[in-house]
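Since the structure comes first, as structure tokens, the remarks are kept for the end.
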Amino acid sequence: MTSTVNDSVPGQRRHVAPAGRPASSLAARAYAVQQAFTRLPGEVHALREIADAAGLDRATTHRILQTGVADADGVFEQVGRGLYRLGTATARAGVQAMAHTPNAASTHHFLERLNRATGGLALLYVLSPLGGARRLCTDYVLGDLDPAEVGMTAEDVVSVSRSLRTGASGRVILAHLPRSIQDQVLAEEVPATAGPGVIRDNDALAASLAEIRQLGFGVGRQECMAGWDSVAAPVLWRDSIMGAVLMLKPSSEMPADLRPLIYHTLKTAEDISRLTATPLSAVV
């Protein structure tokens, strides 16, 4: 994907060049139109933008969009003159696909293994798009640690810990999301109760995302809570981000050499990613 303006400016609309050669078959053209929405910033797009991103002429794009609007399941929705967005059928397809990924019963023992190997808290976060891109903790292993020792309040749980701007797990997920969604997250305010190590500058945050994509993991230094550091690695379904594994330890207990912690966190994320790519019927 290419852009005609500086990608470091969050929220700025960009011309998005089509990916690859123009689609040939009717099915391929329809798929190209649907995928164009994932490459464009924002929710609602004009016919011209969609056609350009799909690499198709406007007449063909218009026919495909109108067919999707007329479809009973609502592949596309027309929200104004020449303005469209993805419809509920697309959301249902995504939910259906994600529902077949492994549940906690098949992933919990990987978190237990991470806890034993590192002595840190082991948590599994998943990406939740409802109400904007967020992360939700769906499973965790605390080991011998008293939950009260973590010191996270109820307000922190619904603010700091769900923001993709904060923490290694948030930034790991954010690093693998489309640029259009990254722009939306970078436009959000940093949670008021974030830790002292949170990255507030958007340019620095964008640079950290590029580093995460290059290294395959992220390290957090007191980003969500004072006194706690972390290592996170992405849980992927092929090349699509599903969530992140997080290893969390008190800053005072973090070793100078993070390589063992990084190794075990990466191994846990890779094992869960392999389960994600396996049909649920084969797991259970």
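A few comments on the model shown:
- Test for G131: is it within 30 Å of I50 (Cα to Cα), under 17 Å from the mean Cα position of the chain (by Cα) and either modelled with pLDDT under 75 or not assigned by TED's automatic domain parsing to the domain that holds M254 (or both): yes
- S180 fulfils the conditions (1) at pLDDT 85 or above; (2) out of contact with any Gly (no Cβ under 6 Å at 6 or more places or on another chain); (3) surrounded by 15 or more Cβ atoms within 10 Å (Cβ to Cβ) except for a single criterion, (1).
- Number of the condition not met by T193 [criteria: (1) part of a loop (DSSP other than H, G, I, E, B); (2) crowded, with 21+ Cβ neighbours inside 10 Å; (3) among the hydroxyl-bearing types (S, T, Y)]: (2)
- Condition check for A32: at pLDDT below 90, in a helix (DSSP H, G or I) and out of contact with any helix residue (DSSP H, G or I) (no Cβ under 9 Å at 6 or more places or on another chain): no
- Lone qualifier among G167, G218 - being in contact with a Cys (Cβ under 8 Å, 6 or more places away or on another chain) and surrounded by 21 or more Cβ atoms within 10 Å (Cβ to Cβ): G167
- Filtering the range 196-230 to residues that are assigned to a loop (DSSP other than H, G, I, E, B), in contact with an Asp or Glu (Cβ under 9 Å, 6 or more places away or on another chain) and under 15 Å from S163 (Cα atoms) leaves G197, V198, I199, Q222, E223, C224, M225.
- Criterion (within 25 Å of E112 (Cα to Cα) and at pLDDT 95 or above) met by exactly one of P279, P234, P250: P234
- Hey, S273 modelled with pLDDT of 90 or more, among the polar types (S, T, N, Q) and either in a loop (DSSP other than H, G, I, E, B) or closer than 16 Å to L127 by Cβ (or both) or not: yes
The values are calculated or read from the model by the stated rules, or taken from the named source; none is laboratory data. Only a predicted model underlies this, so the values are computations on that prediction, with no experimental measurement involved. Cβ atoms come from the backbone with ideal geometry, glycine included; neighbour counts cover every protein chain shown.
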